[in-house]
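Below is one structure, written out as structure tokens, with a few remarks after it.
The values are calculated or read from the model by the stated rules, or taken from the named source; none is laboratory data. Predicted model only: the values in this text are computed from it and were never measured. Note that we place each Cβ from the backbone using ideal geometry, even for glycine, and neighbour counts take in every protein chain shown. The accessibility values were calculated without ligands, DNA or RNA, using every heavy atom of the protein model including side chains. Shrake-Rupley method; radii C 1.70, N 1.55, O 1.52, S 1.80 Å.
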Amino acid sequence: MQRNRAVMILAWAFSAAAVAAAIHNAVTGTGSMECAVLITASLILQFLYARSLKQNKP
């Protein structure tokens, strides 16, 4: 349960960071690589969270 919560919080944090990076990229025109890395990390963490929820069904 604690692992699920930690993965969920990390996924939300990376999602928020990806949105902030996208806004920064739109304003300044730089940082597209960091945006891609953050979005990829966010998607991987969300996938891991969803998979762990499926495995822990009652």
Can you tell me which residues in the chain are polar (S, T, N, Q) and in contact with a Gly (Cβ under 9 Å, 6 or more places away or on another chain)?
Asn25
How many residues does segment 30-58 contain that are open to solvent by less than 60 Å² (accessible area, probe 1.4 Å) and outside any helix (DSSP H, G or I)?
1
With in a helix (DSSP H, G or I) and in contact with a Ser or Thr (Cβ under 7 Å, 6 or more places away or on another chain) as the only criterion, which of Ala11, Ala26, Ala6 stands out?
Ala11
